[in-house]
Structures are given as C-alpha cells and as structure tokens.
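Since every read-out is calculated from the coordinates, none of them should be taken as a lab result. What you see is a predicted model; the values in this text were computed from it and never measured. Counting neighbours? That spans all protein chains shown, and the Cβs are built from the backbone with ideal geometry, glycine included.
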Amino acid sequence: MHDETLNPWKTLNSEIAYDNPWIQVTHREVLNPAGNPGIYGVVHFKNTAIGIVPLDEEGYTWLVGQYRYTLGRYCWEIPEGGGPVGTPPLDSARRELLEETGLSAERWTPLLEIHPSNSVTDEYGIAYLAEGLTQGHAEPEETEQLQLRRLPLREAVDMVLRGEITDALSMAALLKVWVLYGTNAVQHL
C-alpha cells in the first residue's frame, strides 16, 4: 500500500533565482523518487488567485476582456485578480469584483479551490459565485485596460467549450456554476 503522506522527493539544495513583489523562483537540486539526481524549478506565488462568477437574476454573467502580456493575445475571463496572502479571500473577491466590473454582491458562495499548474508552481486559487448584484463604477488598476461583456451564463460556458476562454480559473468556475445550476440558474436565485 502506498503512503500518500510520504514525500518521495529529497531537496539537496535550494537557491532563489528570481524574486519580485508577486513571484519568487527557486532553483532546486533534488533526488527524484527513483533516487536519481535532478533539478526542479519552483515558481512561488505571493498572492492568492481570486475569481468571481457574478450571476444576476436573469441568469447573466460578466466577462472581462483584456490583453494578456504573458500570452501575447487578448483574453476573456471571469473577473479575477490577486489577493494578498493573509487577507481573507472573500475581502479580495469583493474588491476585485468592484474594481473590474463596478458590481457589488449581497450573497457570496465559495465555488472551488484550485492549483492551476501544480507541476511547476504552488499557485493557489479560490473562486466564488456572487449574487444579488448592484451596479456601481469600475475602478480598474493602471495595468488593466478592460472591456466588460454581460452575457447569458450558457454563452460563457459555450465560450469555454469552444476554447475561446482558456484561463484555468475561469474555465473551472464557469463550468462548476453550470454543473451546479445549469439551465436552472435563474430559478436558483
């Protein structure tokens, strides 16, 4: 029987290769599970990834469009951002939703926790369903040139299924809302 709590890797040496306010990259010399020497690069995130699926009384949601520098292309995704570690994730979710869409919500439901790329990073994310929405004014950060799109939840899910939304947190959160509520999203409210 395999003991899932046993770490088969052994770290021989670890040094910081890069560090900034958002991430830290370490280079590690290791012994792999077979006992052979190797290397491992680990990207450590200094914020929690926060995502929100806002859902109104008509079964509509909001997507945020922006050019993603790392991918070199324009992307559609749920409202999302980073929450400082140590800050309650729900506080960060409220801030991100207001900042990117101008929306506030009366009801918040945790949807999921995710590790989007656990083979090279320790990034951890949380997504919420936000309901009982009130429209205010968006206040995007200077690094965000955002376009908002209000659409039926079904259309957002179709965008995931067609490969038009590829952000892991967005895909997982939208699909989970659809699985939980699907065509009954309006009746759920």
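Counted residue by residue at 0.36 nm each, then reduced by the alpha carbon distance between them, the extension gain from residue 74 to residue 124 reaches 15.6 nm. Charge dipole (Cα centre; +1 on Lys/Arg Cβ, -1 on Asp/Glu Cβ; no other charges) of segment 78-186 amounts to roughly 520 debye.
Taking Lys and Arg as +1 and Asp and Glu as -1, the other residues whose beta-carbon sits under 14 Å from that of residue 117 total -3.
Database remark: amide H of residue 112 closer than 5 angstrom to the amide H of 127 (H placed geometrically; neighbours at sequence offset of 5 or more, or on other chains; Pro and chain starts carry no H). In the Gaussian network model of the chain, springs joining C-alpha atoms below 10 Å, which of 68, 154, 95 carries the largest mean-square fluctuation? Sorting by GNM fluctuation, first place goes to 68. Residue-wise HN-Hα couplings along segment 82-99, as the Karplus relation 6.51 cos²θ - 1.76 cosθ + 1.60 with θ = phi - 60° gives them from phi, are x, x, x, 4, x, 8, x, x, 5, 4, 5, 5, 4, 4, 5, 4, 5, 4 Hz; Gly and Pro carry x.
So what is the diffusion coefficient of segment 52-189 in µm² per second by Stokes-Einstein at 20 °C and 1.002 mPa s, using a Kirkwood Rh over Cα pairs? D, rounded to a whole number, is 141 µm²/s. Look at 128, 74 and count the other Cβ atoms within 10 Å of each Cβ; fewest to most, that gives 74, 128. Converting phi to 3J(HN,Hα) with the Karplus coefficients 6.51, -1.76 and 1.60 and the offset θ = phi - 60°, segment 25-30 yields 10, 10, 9, 10, 9, 9 Hz in sequence order, with x at every glycine or proline.
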